[in-house]
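A short worksheet on the structure shown next.
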Amino acid sequence: MRKKIVAGNWKMNTLPAEGVELAKGVVAGRGEVCSCVNFIVCPPFTHLAMVAEALKGSDVELGAQNCAAEAKGAYTGEVAASMLAALGCKYVILGHSERRQYYGETSETLNKKMAQAYANGLTPIYCVGENLDEREAGKHFDVVKAQIEEVVYNLTEEQFKNLVIAYEPVWAIGTGKTATADQAQEIHAYIRKVLADKFGAAAAECPILYGGSCKPSNAAEIFAKEDVDGGLIGGAALKAEDFLAIGKGFQK
């Protein structure tokens, strides 16, 4: 059975004290959700140590939103994967659409970041997805395939066993357009096929998360799809009640 994962990407939101309260809220309500669901919270860098403390004694895991492409050195403002691991992170989000769009992250950069994550025992949550122009031009399969081939195909079989994929329909985030559960399943199944072309049967074990405006009202419908193994949650992760309710989507 693949892992069921609900990961919260807090992005550049909450101050440290607010982040601690949010984490405590998730921990407090975690028992109301099936233990089969793996919860991950990914606060801003500034909160990681404090949130790690708030998560102690629970099975809610800690992730970071990004890491540097280099191990250490004269890289002002960067945060190394080793630093994240030292703070208790188990996961790191890499290749998020916002990093690609606003900060020009390329496959070349992401290959280096993936290597840093694995070298420091972190599980990458590697994001793929197409924008509105690409979707409307019918290029969504090609875009996602290239994002996988240019990075994931460079992993060893052992590394691949410790990977989470997150599909982001960038075209459905903040545009007023929405992806249906069937559209989510279609692209998730395609992603699994592309993974299987390289890694064979191991692709059946790779969790693929849906990252397109998942909320309590639609989580159960989306999570019911065969190839959807959870969600990478943005806005709804900023309220403990909503975040936990999304996890309950697996129970319906």
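Below 8 Å, C-alpha to C-alpha, sequence gap of six or more: please give me the relative contact order for region 1-133 in percent.
21
Would you please state the base-10 log of I(q)/I(0) at q = 0.12, 0.13 1/Å for region 51-136, with intensities from the Debye formula using one equal scatterer on every alpha carbon?
-0.39, -0.46
Under 17 Å from the Cα of residue 215, which lysines turn up, not counting those fewer than eight places away in the same chain?
Cα-Cα hits under 17 Å: 4, 11, 177, 225, 239, 248, 252.
When the expected Rg is taken as 2.2 N^0.38 Å, what fraction or multiple of it is the alpha-carbon Rg of region 138-252?
Output field value: 1.07.
May I ask you to order 213-219, 103-109 by the average number of other C-beta atoms within 10 Å around their residues, highest value first?
213-219, 103-109
Which whole-number percent gives the relative contact order of the chain, counting Cα pairs below 8 Å spaced six or more residues apart?
22
Expected output is a single nm value to one decimal: the length gained when fully extending between residue 251 and residue 106, i.e. 0.36 nm times separation in residues minus the C-alpha distance. What is it?
Length difference between fully extended and current span is 48.4 nm.
Just add up the charged neighbours of residue 54: K/R +1, D/E -1, any other residue whose Cβ is under 14 Å from the Cβ of residue 54.
In short, -2.
When each pair of different Cα atoms in region 178-222 is counted once in the 1/r mean, what is the Kirkwood radius in angstroms, to one decimal?
One over the average 1/r among Cα pairs gives 11.4 Å for region 178-222.
Starting with the highest mean, order 150-156, 48-54, 200-206 by the number of other Cβ atoms within 10 Å, averaged over the residues of each peptide.
Per-residue mean Cβ counts within 10 Å order the peptides as 48-54, 150-156, 200-206.
From largest to smallest, what semi-axes in whole angstrom does the chain give when each is the square root of 5 times an eigenvalue of its alpha carbon gyration tensor?
Each semi-axis is √(5λ); the values are 25, 23, 17 Å.
For region 113-178, what size does the Cα cloud have along each of its three principal axes, sorted from largest down, in whole Å?
Reported extents, whole Å, longest axis first: 39, 21, 17.
Over region 114-252, what is the mean sequence separation of C-alpha contacts under 8 Å (at least six apart), divided by residue count, expressed as relative contact order in percent?
22
Where a number appears in this text, it was derived from the coordinates with a stated rule and is not lab data. Model, not experiment: these values are computed from the prediction. Positions of Cβ are backbone-derived with ideal geometry, glycine not excepted, and every protein chain shown enters the neighbour counts.
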